[in-house]
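Working notes, structure below.
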Amino acid sequence: MKSIVCLITLILASSLANASGPISVYALVDKVAFEPNADKPERIRISGVFSTAEQRSDVYSAPQAGYLYFTLPADNRGLALREWEDLKSIAGSRQVVGLGSNWFGDARVRVRKSDEEAKSPDEYPMGNGVVKVNPDQPRAKALLDYKGR
């Protein structure tokens, strides 16, 4: 009986630890630009190579070069701005990161072509923070090995 209770406790604890769900996007960030400016950002443009998750799934796209374009979320603006600063700090470093959770809300993450006009930003996906990803992890490796730029 004790082993069943321990097993249930471990399962519940691991469920709580992963409550944010799978990462929305894996990113190899080349450049970050804040709009209208760095002092009072309302939007962020993140250029690089990305692999995005299908909504509420752990199925990811093949790596694609381009940019992500986000607006500050209605909730958690302060936290989102701190995450944006984290993204800016790793830009160009070849550090793969994960961000957002694809299980919460209806946030869509769309990789835009480099020459596409920046309009109609997506809402920045919250949930997991900016997470460093081990370069040996398969999705990170795919981004680091991407040759289509």
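All of the numbers you see were taken from the coordinates with simple rules; none came from a lab. As the structure is a computational prediction, the values presented were derived from the model and not from experiment.
Counting every alpha-carbon pair across region 83-141, the share separated by more than 16 Å comes to 57%. Taking amide H as placed 1.01 Å from N in the peptide plane, residue 42 has its amide H under 5 Å from the amide H of 35, 37, each at least 5 places away in sequence or on another chain.
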